[in-house]
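Scroll down for the structure; my scribbles are underneath it.
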Amino acid sequence: MSGTARAALWIDSLRRRYPLLLAELAPSAGRTLREVRGGGPGPAAGAPVRLYVSDALRDIGDGVVELEEAVRDRLGLRRITAAPVPVRLRRLAELLDAVAGLPDLAAHVEAEARRMSRRCARALGDPEQLVRLPGRCPACDSVSLRAFPERGVAMCVNPPCRHVLDDEEGTAT
């Protein structure tokens, strides 16, 4: 699997999870402040803001902005208007074909997308996610190919097989 293909997986993972992180920061309908006599919040006050979620949102937002600007600058593209993080992630994904010709930039995009996706997952308390891959396993011919983005591995999850794909097999399937 090429660096830009792995970067695409990380960007897609982040694009899908980022709205969950936003929802995690917003107080739920059941979280209300109850005032007691004297004007202060009562014992059933809503949960405090989780700063680690806020910090993750800021870090990811800043990282996506900086990454998009760096990619556009390196590719010689003009600056583009500000946009929400999911829109910027979509635009980054659209530039991956052009990034493929620059191995150092492709590695940087992959590393940053992986870092931000992991940060998002940690803030959400999620276990490692799986991404279903198209095609069949070259060893057992099952349709059980999965990518483990956090490990940077693609493999067959068929229990008797567990074949790990190398770079050539990952692009062929």
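The values are calculated or read from the model by the stated rules, or taken from the named source; none is laboratory data. This one's a predicted model, so the numbers in the text were calculated from it and none came from an experiment. Neighbour counts run over all protein chains shown; Cβ positions are idealised from the backbone, glycine included. Surface accessibility is based on the protein's heavy atoms, side chains included, excluding ligands, DNA and RNA. Shrake-Rupley method; radii C 1.70, N 1.55, O 1.52, S 1.80 Å.
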Rank-order 134-147, 112-125 by packing density, defined as the average count of other C-beta atoms within 10 Å over each peptide's residues, highest first. 112-125, 134-147
Quick one: how many Å² of Ile11 are accessible to a 1.4 Å probe, rounded to 10? 10
